[in-house]
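The values are calculated or read from the model by the stated rules, or taken from the named source; none is laboratory data. What you see is a predicted model, and the numbers here were worked out from it, not measured in a lab. Methodologically, a virtual Cβ is constructed for each residue, glycine included, from the backbone with ideal geometry; neighbour enumeration extends over all protein chains shown.
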């Protein structure tokens, strides 16, 4: 009985381990090998960042895994935070990236500073600490990005709102994507969360801009409908916001605000750079070409024959009906006149000469 109990317990533990989701970090990449003893995993956002755990929850944090990798005596510390979709990983990346970081080509987007590299791929945000940053480090981390799990569904799509921020005078690594009040407050956005109202499915993209008088901010807020955007903009304008002059504009479901040390004409130029363009997508795929749709071609040919036969019958009955009606109304005057049916007859009998 004791042996059977032990077997059952071990079987239960093995089953639980098999059902546990695998962490995003690979065992090896580009010659780097994971140290199994260093692996730590958690579903608590505080394990990823104790200070900004509420922000990670807003972006849809699901779990984190950290580990130490080694190769030829060198070590690399890697932390992988996973989110419910690529939007969350992108938002968290914009939250953590700093203006002094250099732009790198790793994953979907990356930046580095000294011995730290930050990048995201799909719904996974990677924070790497290396002993010495080199060109080879970037190549190695590109291999790591290729080894990460891929998203193949709708969750892999990135938000399009930040692409609507004006590009002129935008300072490097200052664009932010925000979907909740915690990130909004901690990033110092000058419009409070109660005026933006995230309960109405609001999304925020913001960036820092250089002006002739100093620095300004552009705050772009997206709502589901133009009506909500109009109501929210009216509330913002009536609130008497502090912190310098504000310039507002609404375009479609977007509310655009410019604030900071910027002349009015430059602020209006930034506002004019943001315009909502509706993307019309077909609900159904377009029809295939006739050469590619053999069944449709045969069906169309059969229908053409049926229509031709029906047309012939209709015209035949119509013509015959007109003749019959005309003979009844005008007997022997239109179609069946005697002189019209007379024929020439030749008498070829031999006896008559």
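A few remarks follow.
- Meets criteria (surrounded by fewer than 21 Cβ atoms within 10 Å (Cβ to Cβ), farther than 19 Å from residue 204 by Cβ and free of Cβ contacts under 8 Å to residues at least 40 places away in the same chain) for residue 35: yes
- Odd one out for residue 210 among (1) in contact (Cβ under 8 Å) with a residue 40 or more places away in the chain; (2) in a strand (DSSP E or B); (3) in contact with a strand residue (DSSP E or B) (Cβ under 7 Å, 6 or more places away or on another chain): (3)
- Qualifying positions in the range 118-129 - touching a strand residue (DSSP E or B) at 6+ places or on another chain (Cβ under 8 Å) and closer than 22 Å to residue 151 by Cα: 118, 119, 120, 123, 124, 125, 126, 127, 128
- Given (1) under 35 Å from the mean Cα position of the chain (by Cα); (2) modelled with pLDDT of 90 or more, index of the condition residue 281 fails: (2)
- Residue 238 in contact with a helix residue (DSSP H, G or I) (Cβ under 8 Å, 6 or more places away or on another chain) and free of Cβ contacts under 8 Å to residues at least 40 places away in the same chain: no
- Answer residue from the range 255-268, given it is in contact (Cβ under 8 Å) with a residue 24 or more places away in the chain and not in a strand (DSSP E or B) and is surrounded by the most Cβ atoms within 10 Å (Cβ to Cβ) among those: 262
- Residues of the range 179-189 that turn out to be closer than 20 Å to residue 165 by Cβ and either in the same structural domain as residue 93 (by TED's automatic domain parsing) or buried (at least 16 other Cβ atoms within 10 Å of the Cβ) (or both), as a count: 5
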